[in-house]
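Encoded as structure tokens, the structure appears first; notes follow it.
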Amino acid sequence: MDAGAAGEPSTRRADERLTAVGPLRRLLVKPELGALVGAVAVFTFFALQSEVFRSARGVANWLDPASTLGIMAVAVALLMIGGHFDLSAGVMTGTTALTVAIVAVEFEQNIWVAIGVSLVVALLIGFFNGWLVTRTGLPSFIITLGTFLMLQGLNLGLTKLFTGTVTAGGLRSVPGYASAEWVFASRMTILGAEVRVAVLWWVAFTALATWVLLRTRFGNWVFATGGDEVAARNVGVPARRTSIALFMTTATAAWFVGTTLAVRLTSVQANTGTGQELIYIVAAVIGGCLLTGGFGSAIGASLGALIFGMTQLGIPYLRWDADWFYFFLGAMLLLAVLANRLVRRYAEAARR
Amino acid sequence: MPAPRRLLAFALAAPLLLASCTTDGNESDGGGGQGSAGGGSGDLSFSVITHGSAGDAFWDVVQNGAEAAGEDLGIDVDYQSDGDPQRQAQLIDAAVNQGVDGIVVSMANPDAIQESVEAAVAAGIPVVTINSGGDRSAEFGAIGHVGQDETIAGEGAGRELAADGARNVLCVIHEAGNIGHEQRCAGAATGLGAQVTPLQVDINDLTGAQSTITSQLQGDEGIDAVLTLNSAVAAVAVESVADAGSDAKVATFDLNQDVISGIQDGSILFAVDQQQYEQGYLPIVMLQLYAENLNTVGGGQPVLTGPGIVDATNVDEIADLASAGTR
């Protein structure tokens, strides 16, 4: 750590307030590094053992679970960088999917009307979460746990009220379905494999979130709010509005994923999405987000989702006993967090 | 600064280390599985993909049935399950990509896995559906269905309860989103010829389920029978009846050791046995017959494995079979 990194500052007029940082250290302080190493390791591990896993069709197969998870994980990562959690994110994918199905089928509306109604519902829930958290100052963990449970009850209660059963279905014959399918659930052939359009949306959302975080004023506000809310407010960051916007972003992602589910599956179960919220957080944490806020990355969260997708389908490709899946996932989470902690400690030492 | 460098090396190596550990652990596991199934020719390989939650006793018996058939017939049988319909569909896609010779799939939510099942059929892989979804099986191009007609089973339970004098039945549903459960309760109402009150509980939270059933029994003292749809919930319902000081009888769908002892000691009236071992075993036989001889069964009509009623008259013989994990 002596030769390349420190350099020889005396040759030019150096600013003594700045430390020269070598390329290796610059790489290491990136939050997504742990996830990248993990993703490469997991891919190599499965690809070496299963020919199908590394084939184009196999890749398309495991990109599918990674895509919808990834869209949520990116939004959840933004929220976590902003210093908050949203435990209602998982069940909200169910709420929005059920809204699409019920409005379109039971109220006999064009599917795009139903999708619009669903977006409004999602934004209202997101605003409610954010408003309550910023207004009361209570931990978002508690507030969104409340909305999570309320939505779980509403999903079941309202579905049974409107459809008489616990599933809302029949979307395939609704007007506008073909165009909605094209946007949310079509497939395209890339290198001989049928790739779901959700994968493209996932890449697009990751790129958008990364740009917002790193290149815009709002991105700076997110880091500042999550790092230290009081300090952020003191220097003029609208912390309250930033938090509410982040909750509404998560809700919008849940709307997008919920709509994708509804259009793809054409029938939605009342318990859809329950329990997924922790998986989103796992993906974000593997991707380098800190639970305390102020640090993390959107690309990292996407890589976390990718690891999850590869693991989820890698295990059946190797014909292993799927009972061990969650053990593997849990071990992965622990190692990712430990690796991140070490990298971060090193990075902080390097900054001094 | 050697310490951070060493830590860093560890951090980078950690995921690799994990991967290698998992290789070791699971290679021995996979080896065992292949060894047990490698008795016969081993040419065919079938995938069984269900919607059962991992660790559900009911689906464990299905898995035992499928694996026993694989062993008996010398077929490589792989069992996977995921309760989420989208992930179940992805597992079906994975099996199609692997080019297996046959797929067995349970259909709790037929619409959600329709595309994947039809893709399997289009790829020339024969599909047998099991458990629920029998009415959609032929439409998706499956060569057959092995299951229990939930409405018929529910009616059977309702008639049995009526014969025991029940008039006001609480029907405990433990999976929100499973149409089969709704059909069982509706069938029970038909068979009983009286009102059946549905009650929603969560199979993953049995203590919560117990207090929910207790409070329902305390709230409506007219309830004279509790019908549960799962053996684990039945054990909980027996406790609830005792807690509430009610004299309601408990009857259930599905068997396990607790239900059998319950029937033996009289705390459970009867169990509607779906005989799900057959839902694991028979599809493997059907797929083999189709693969080797192009046989189908009943022209694709559902093969019904239930309802079989287990009560005080036959419980002792069945007790031995259940402890072996086949009933």
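The values are calculated or read from the model by the stated rules, or taken from the named source; none is laboratory data. The shown structure was predicted, so the numbers you read here are calculated from the model rather than taken from an experiment. All Cβ positions, glycine included, derive from the backbone under ideal geometry; neighbour counts span all protein chains shown. Note: areas computed on protein heavy atoms with side chains; ligands, DNA, RNA excluded. Shrake-Rupley method; radii C 1.70, N 1.55, O 1.52, S 1.80 Å.
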A:THR311 fails exactly one of the following numbered conditions: (1) in a helix (DSSP H, G or I); (2) open to solvent by less than 30 Å² (accessible area, probe 1.4 Å); (3) within 7 Å of chain B (Cβ to nearest Cβ). What is the number of that condition? (3)
Any residue at all in the range A:284-294 that is over 20 Å from the mean Cα position of the chain (by Cα), assigned to a helix (DSSP H, G or I), of a type outside the set (Gly, Ala, Ser) and more than 8 Å from chain B (Cβ to nearest Cβ)? no
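For every residue, the table says whether it meets (1) more than 14 Å from chain A (Cβ to nearest Cβ); (2) surrounded by 21 or more Cβ atoms within 10 Å (Cβ to Cβ); (3) in contact with a Pro (Cβ under 7 Å, 6 or more places away or on another chain).
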position	(1), (2), (3)
B:VAL105	no, yes, no
B:ASN109	no, yes, yes
B:ALA112	no, yes, yes
B:SER116	no, yes, no
B:ALA120	no, yes, no
B:GLY124	yes, no, no
B:THR129	yes, yes, no
B:GLY133	no, yes, yes
B:VAL146	yes, yes, yes
Return the pairs, sorted by first residue and then second, in which the second residue is open to solvent by 10 Å² or more (accessible area, probe 1.4 Å) and of a type in the set (Asp, Glu), the first residue lies in the range A:54-82 and is away from chain B (no Cβ under 14 Å), the beta carbons are less than 7 Å apart, and the residues are 6+ apart or on different chains. none
Test result for A:ASN271, of a type outside the set (A, V, I, L, M), under 30 Å from B:GLN200 (Cβ atoms) and surrounded by fewer than 24 Cβ atoms within 10 Å (Cβ to Cβ): yes
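From the list A:TYR346, A:TYR326, pick out the single residue that is at the interface with chain B (Cβ under 9 Å from one of its Cβ atoms), open to solvent by less than 50 Å² (accessible area, probe 1.4 Å) and not in a loop (DSSP other than H, G, I, E, B).
Details: A:TYR326 fails: open to solvent by less than 50 Å² (accessible area, probe 1.4 Å).
None of the other options fit; the residue is A:TYR346.
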Does B:GLN288 fit the bill of being at pLDDT 90 or above and either basic (Lys, Arg) or open to solvent by less than 10 Å² (accessible area, probe 1.4 Å) (or both)? no
Within the range B:213-234, can you find the residues that are surrounded by 23 or more Cβ atoms within 10 Å (Cβ to Cβ) and in contact (Cβ under 8 Å) with a residue 60 or more places away in the chain? B:ALA225, B:LEU227, B:ASN230, B:SER231, B:VAL233
Restricting attention to the range A:110-127, the residues that are small (Gly, Ala, Ser), in contact (Cβ under 8 Å) with a residue 12 or more places away in the chain and open to solvent by 30 Å² or more (accessible area, probe 1.4 Å) number exactly 0
Could you please tell me which pairs satisfy a Cβ distance under 8 Å, a separation of 6+ or placement on different chains, a first residue in the range A:24-47 that is of a type in the set (A, V, I, L, M), and a second residue that is in a loop (DSSP other than H, G, I, E, B) and open to solvent by less than 60 Å² (accessible area, probe 1.4 Å)? A:LEU33/A:GLY288; A:ALA35/A:GLY287; A:ALA35/A:GLY288
Please give the number of the condition A:LEU303 fails out of (1) open to solvent by 20 Å² or more (accessible area, probe 1.4 Å); (2) away from chain B (no Cβ under 12 Å); (3) in contact with a Gly (Cβ under 6 Å, 6 or more places away or on another chain). (2)
Only one of B:VAL315, B:VAL310 is in contact with a strand residue (DSSP E or B) (Cβ under 8 Å, 6 or more places away or on another chain) and open to solvent by less than 60 Å² (accessible area, probe 1.4 Å), namely B:VAL310
Scan (1) in a loop (DSSP other than H, G, I, E, B); (2) within 16 Å of B:VAL172 (Cα to Cα); (3) of a type in the set (Gly, Ala, Ser) for the single condition B:GLY306 breaks and write down its number. (2)
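This table checks each residue for (1) over 17 Å from the mean Cα position of the chain (by Cα); (2) at the interface with chain A (Cβ under 8 Å from one of its Cβ atoms); (3) part of a helix (DSSP H, G or I).
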{"position": "B:ALA66", "(1), (2), (3)": "no, no, yes"}
{"position": "B:GLU71", "(1), (2), (3)": "yes, no, yes"}
{"position": "B:GLN86", "(1), (2), (3)": "yes, yes, yes"}
{"position": "B:GLN90", "(1), (2), (3)": "yes, yes, yes"}
Using the structure shown, decide if B:GLN210 is in contact with a helix residue (DSSP H, G or I) (Cβ under 7 Å, 6 or more places away or on another chain) and either part of a loop (DSSP other than H, G, I, E, B) or surrounded by fewer than 23 Cβ atoms within 10 Å (Cβ to Cβ) (or both). yes
What residue, among those in the range A:329-338 that are at pLDDT below 80 and open to solvent by less than 30 Å² (accessible area, probe 1.4 Å), is farthest from the other protein chains (Cβ to nearest Cβ)? A:LEU329
Would you check if there is a residue in the range A:128-138 being buried (at least 24 other Cβ atoms within 10 Å of the Cβ) and within 18 Å of the chain's Cα centre (by Cα)? yes
Filter the range A:226-254 down to residues that are open to solvent by 40 Å² or more (accessible area, probe 1.4 Å) and modelled with pLDDT of 95 or more and give me whichever is nearest to the other protein chains (Cβ to nearest Cβ). A:THR252
Please specify each residue of the range A:151-186 satisfying the condition of being open to solvent by 40 Å² or more (accessible area, probe 1.4 Å) and within 22 Å of the chain's Cα centre (by Cα). A:GLN152
Picking from B:ALA237, B:ALA251, B:ALA312, which residue would you name as being without any contact (Cβ under 8 Å) to a residue 60 or more places away in the chain and either closer than 24 Å to B:VAL146 by Cα or more than 16 Å from the chain's Cα centre (by Cα) (or both)? B:ALA312
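Can you spot a residue in the range A:111-129 that is touching a His at 6+ places or on another chain (Cβ under 9 Å) and either polar (S, T, N, Q) or closer than 24 Å to B:ALA112 by Cα (or both)? Explain how you work it out, then say what you get.
Step one: of the range A:111-129, the residues touching a His at 6+ places or on another chain (Cβ under 9 Å) are A:129.
Adding the requirement that they be either polar (S, T, N, Q) or closer than 24 Å to B:ALA112 by Cα (or both) leaves A:129.
Yes, because at least one residue in the range A:111-129 is touching a His at 6+ places or on another chain (Cβ under 9 Å) and either polar (S, T, N, Q) or closer than 24 Å to B:ALA112 by Cα (or both).
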Go through A:LEU36, A:LEU28, A:LEU48 for me and flag whichever is at pLDDT 90 or above and of a type outside the set (Asp, Glu). A:LEU48
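Among the residues of the range B:91-106, are any more than 22 Å from A:ASP321 (Cα to Cα) and not aliphatic (A, V, I, L, M)? Steps first, answer last, please.
Applying the first criterion (more than 22 Å from A:ASP321 (Cα to Cα)) to the range B:91-106 yields none.
The answer is no; no qualifying residue exists.
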